[in-house]
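One structure is given here, and the rest of the page talks about it.
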Amino acid sequence: MNRATLIFALLLALAIPLSLLAGRVWLDPATTPNAALILAELRLPRAVLAIVVGAGLGASGAAMQGYLRNPLADPGLFGIAPGAALGAVVALWFGYAASPYLLPLFALVGAGGAMALLAAIAGRTGGIALFTLAGLMVASLAGALTALAISMAPNAFAMSEIVTWLNGALTDRSWREVWLAAPLVAVGVALLWRSGKALDALTLGEPVARSLGVDPHRLLWLLIAGIGLTVGASVAVAGIIGFVGLIVPHLVRPLTDRRPSQLLIPSALAGALLVLVADSVVRVLPLVTELRLGIALSLLGAPFFLWLLLRMRRGLA
């Protein structure tokens, strides 16, 4: 266990009980009526889901930045998150969201479709550049189809529901979403962790990685599967939660030796911490309606992204 893993594990352990107590009404287990029921059925599943979603997005971001060797890379570049969002929008458009399982199922199908399209475009011989361009194309196509679905929504209620869902939130989530997302994210993070040593070798360049026994194409599909499961499951239960995969590796990297394999697990823990804390903050803000989690993280992520760009520009000067 490296230092970053220990630090973020301890911070997460401290944040969990605070998240369970935080809300529009702070929970006092000793005096609040039905406190045990509120904790078990409302606060705890939401906190667990925040951890699951954040861990998946954080690990995916670290893997993406390691594979592309680009600190500005984000899981959305693969087009899997927009694909999952498109699947969910289709479910909302046709009114299938009334079923508790159909909306997440459509989102997972959308993520799978994006993965299949990536595989078809990049092919067996596609390198990093071709794969990145394919991911951008898939993301653009999914985004355009999502915008088309919104503009052609059958009624104002459906349009409002789609836009609200796309903003991302953990409001009104239950154990059902936890049991759906947690196994998929766990398998996805395990696949990404397994790719760690190959990502380390890839930092030396693809020819050197090949000489060390790394199969770049096998690594590529391992990452597609891992990121597809983590991002697809996260979007399926929470909507679009942006910037987590971009921010988290930069918080972790100074605490490690900067090898991709040493970033994956700490980034999962840091992502879980970031989403859990952000979700707790939006619950306690004195607003008429709860601020959507995706909006809150975008408000945090955009200035961070600008700071990162300015720092990179100073480094090139």
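Placing unit charges on each Cβ (+1 for Lys and Arg, -1 for Asp and Glu) gives the chain a dipole about its Cα centre, and among LEU117, GLY61, LEU308 the Cα reaching farthest toward its positive end belongs to LEU308.
Once R0 is set to 25 Å, what does the formula 1/(1 + (r/R0)^6) return for the Cβ-Cβ distance between LEU102 and ALA156, expressed as a FRET efficiency to the nearest 0.05?
Calculated value: 0.70.
For the chain, the longest principal axis of the Cα atoms and the long axis of helix 175-194 meet at an angle of about 20 degrees. In this Cβ point-charge picture (+1 for Lys and Arg, -1 for Asp and Glu), the chain has a dipole of about 760 debye about its Cα centre.
In order along the range 60-77, the phi-based Karplus estimate (6.51 cos²θ - 1.76 cosθ + 1.60, θ = phi - 60°) of 3J(HN,Hα) comes to 5, x, 5, 5, 4, 5, x, 5, 7, 6, 9, x, 9, 6, 9, x, x, 5 Hz; Gly and Pro are listed as x. Placing a label point 7 Å from the Cα of ARG311 along the Cα-to-Cβ line, no residue of the range 187-202 has its backbone N under 14 Å from it.
The 3J(HN,Hα) values that the Karplus relation (6.51, -1.76, 1.60; θ = phi - 60°) gives for the range 209-225 are, in residue order, 4, 4, 5, 8, x, 8, 9, x, 6, 5, 4, 4, 6, 5, 5, 4, 5 Hz. Gly and Pro appear as x. Spatially, the range 125-155 and the range 33-82 are offset by 22 Å when compared through their Cα centroids. Considering only VAL214, PRO104, THR31, the residue lying farthest towards the positive end of the dipole of the chain is VAL214, judged by Cα position with unit charges set on Cβ. Each of ALA198, VAL178, GLY271 was placed along the dipole of the range 171-317 (beta-carbon charges, centred on the mean Cα), and the one lying farthest toward the positive end is ALA198. Taking a cut-off of 21 Å, what percent of all Cα-Cα pairs in the range 73-215 are separated by more than that? In whole percent, the long-distance tail amounts to 53. In order along the range 82-95, the phi-based Karplus estimate (6.51 cos²θ - 1.76 cosθ + 1.60, θ = phi - 60°) of 3J(HN,Hα) comes to x, x, 5, 4, 4, x, 5, 5, 4, 4, 5, 4, 8, x Hz; Gly and Pro are listed as x.
Computed from label points 7 Å out along Cα-Cβ, the spacing between SER174 and ILE121 is 3.8 nm. Shape verdict for the range 168-317, please, from the Cα gyration tensor: rounded (a/c under 1.5), prolate (a/b greater than b/c) or oblate. Judged from the Cα gyration tensor, the range 168-317 comes out oblate (a/c at least 1.5, b/c at or above a/b).
Values quoted throughout were computed directly from the atomic coordinates according to the rules given, and no laboratory measurement underlies them. What you see is a predicted model, and the numbers here were worked out from it, not measured in a lab. Here the Cβ is made from the backbone with ideal geometry for all residues, glycine too, and neighbour counts use every protein chain on show.
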